[in-house]
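Written out below as structure tokens is the structure these notes cover.
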Amino acid sequence: MGRSTPFPLTSLTEPYPADLEPGPSFDAPARRYDVTFDESRIDPDVQKVLRRLTRHGHEAYLVGGCVRDLLLDRQPKDFDVATSARPEQVRDLFRNSRIIGRRFRLVHVLFQGGKVIEVATFRRNPKDEGDESPELLIRSDNVFGVASEDAMRRDFTMNALFYDIEARQILDWVGGMEDVERRVVHTIGDPETRFREDPVRILRALKFAGRLGFAITPDVYDAIVFCREALALAARPRLSEEILRLLRGGQARRTIYLCWETGVLDVLLPELSSLLYDEGDEDGAGPRQWRLLEYIDQRTAQEGPLDDTVLWTLLLLEPLKEVCEGARDRGIAVADFLEPLIERLAISRRYADGIRRIIGVLPRLLSGRAGRFARTELFQAAVEVAAADLSSRGESTQIVDRFRAAPEKHHHRGRR
Ligand code: ATP
Ligand code: MG
């Protein structure tokens with residue numbers, strides 16, 4: 001990634017568009033940048049979808065995370081398409097497609113091998129229509145719009161770039177190219193407003209900063225610190241999903257560090273954040289917990305994202321071990337510890353049960369015994385946790401490595 005960016009920056013003007021307050025049907029001209037992506041990096045079926053839409057007179061662009069990743073020379077996880085065509089029009093153009101979603105309707109175009117390409121009609125931020133409600137929190141996002149509005153409703157400038165495959169140009173309404181070039185995370189418009197509208201964006205900012213190694217501009221950083229309590233208002237399943245995503249990103253340690261430093265972790269997982277203040281000696285719980293996060297990143301680099309139950313267990317391992325210390329019944333101690341977390345973050349019962357069973361079997365595994373647990377579907381997850389625990393204490397993992405199943409190629413590769 002140390003290479004120079006593959007696009008020329010021609011015009012560097014003001015730092016940020018100062019007041020992005022589009023009215024209804026705001027249709028500003030975009031700044032256009034010529035780019036030369038190696039088109040073999042763009043899924044050929046996505047190219048077909050884009051070309052078919054444009055051939056039928058619609059606007060269609062590659063949007064969101066995939067454009068950002070292409071600019072950064074990272075392989076995109078998936079490709080999202082945005083278009084001026086309405087869902088019914090899209091469906092009628094592709095034989096193998098269907099409209100999904102009730103609140104916001106998208107089209108899924110299906111290809112061989114179960115591949116799904118998501119095509120969304122441009123929409124705009126409903127607040128930009130002079131919505132009457134006094135609170136900022138967005139509850140519906142159902143209004144169709146034009147391309148520029150679709151860019152403006154997005155969260156960060158780096159996520160709002162549109163790629164026009166015919167013209168081989170990036171369309172930029174928000175200063176996203178400059179921010180990608182400078183490697184900074186910046187909201188589109190005023191950070192506090194955008195975080196109040198949707199507090200999950202706070203976690204997303206930290207996730208992108210951690211994963212991509214971007215800086216957070218001071219105004220955004222201050223707004224994160226200032227608005228962090230609002231995370232308690234966000235939809236809980238979205239919180240647990242974003243936490244998993246930031247653990248899977250390959251930079252869990254750096255990202256959790258940012259969550260801790262900004263006080264976001266105090267809101268989400270006070271059980272964990274208080275323990276991280278323990279900067280005592282190298283053998284303390286705090287340093288061990290940081291090494292557990294490092295372990296997650298090492299394993300992710302080796303074989304892709306770890307299993308979700310493993311991720312939750314490792315994120316909470318030191319606090320979990322603490323509550324087990326001197327407990328009469330470890331199972332009950334763990335269940336009591338997890339109960340408020342299940343409430344706060346909507347961690348599913350299935351994960352909670354898995355965490356409880358893994359913690360229960362850990363002492364036995366660490367003494368080299370597997371017993372009947374070896375036949376349960378949680379066994380490999382427990383082995384991974386035991387190995388992480390040993391390695392965080394600077395010990396050899398040999399005693400549990402012999403329990404590892406023969407490595408299966410690509411076994412964590414599914415779309416998540
Ligand atoms: P990743 O690589 O983690 O998938 P991504 O940028 O693709 O990152 P997604 O969660 O897949 O993120 O969302 C796709 C796009 O939708 C984003 O790039 C962004 O433009 C927009 N988006 C997602 N979440 C929000 C949000 N909370 N508020 C505004 N826009 C959002
Ligand atoms: Mg994505």
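The values are calculated or read from the model by the stated rules, or taken from the named source; none is laboratory data. In this text the structure is predicted, and so the values were computed from the model without any measurement. In this analysis, Cβ positions are derived from the backbone assuming ideal geometry, glycine residues included, and neighbour counts consider all displayed protein chains. Quick note on the areas: whole protein, heavy atoms, side chains included, nothing else; ligands and nucleic acids left out. Shrake-Rupley method; radii C 1.70, N 1.55, O 1.52, S 1.80 Å.
Here are the numbers:
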{"quantity": "Principal axis dimensions, the chain - Cα atoms, whole angstrom, descending", "calculated": "67, 47, 43"}
{"quantity": "Stretch gain in nm, segment residue 110-residue 144, where the contour uses 0.36 nm per residue and the Cα spacing is subtracted", "calculated": "9.9 nm"}
{"quantity": "R0 of 41 Å, Cβ-Cβ distance residue 56-residue 346: FRET efficiency to nearest 0.05", "calculated": "0.50"}
{"quantity": "Amide H contacts of residue 123 (H built 1.01 Å from N, under 5 Å, at least 5 apart or other chain)", "calculated": "145, 150"}
{"quantity": "Nearest-ten-degree value, helix 236-248 long axis tilted from longest Cα axis of the chain", "calculated": "80"}
{"quantity": "Projected label distance in nm at residue 89 and residue 406, using a 7 Å step from Cα toward the beta-carbon", "calculated": "5.5"}
{"quantity": "Crossing angle, helix 285-303 versus the chain [Cα axis fit, 0-90 degrees, rounded to tens]", "calculated": "60"}
{"quantity": "Fully extended contour minus Cα-Cα distance, from residue 367 to residue 96, at 0.36 nm per residue", "calculated": "92.1 nm"}
{"quantity": "Accessible surface ranking that places the most exposed of 278, 38 first, with a 1.4 angstrom probe", "calculated": "38, 278"}
{"quantity": "Within the chain, helix-based [θ] at 222 nm, where runs of 4 or more DSSP H residues each add -39,500 (n - 2.57), nearest 500", "calculated": "-13500 deg cm²/dmol"}
{"quantity": "Potential extension, residue 302-residue 28 segment - 0.36 nm per residue separation minus Cα distance", "calculated": "94.1 nm"}
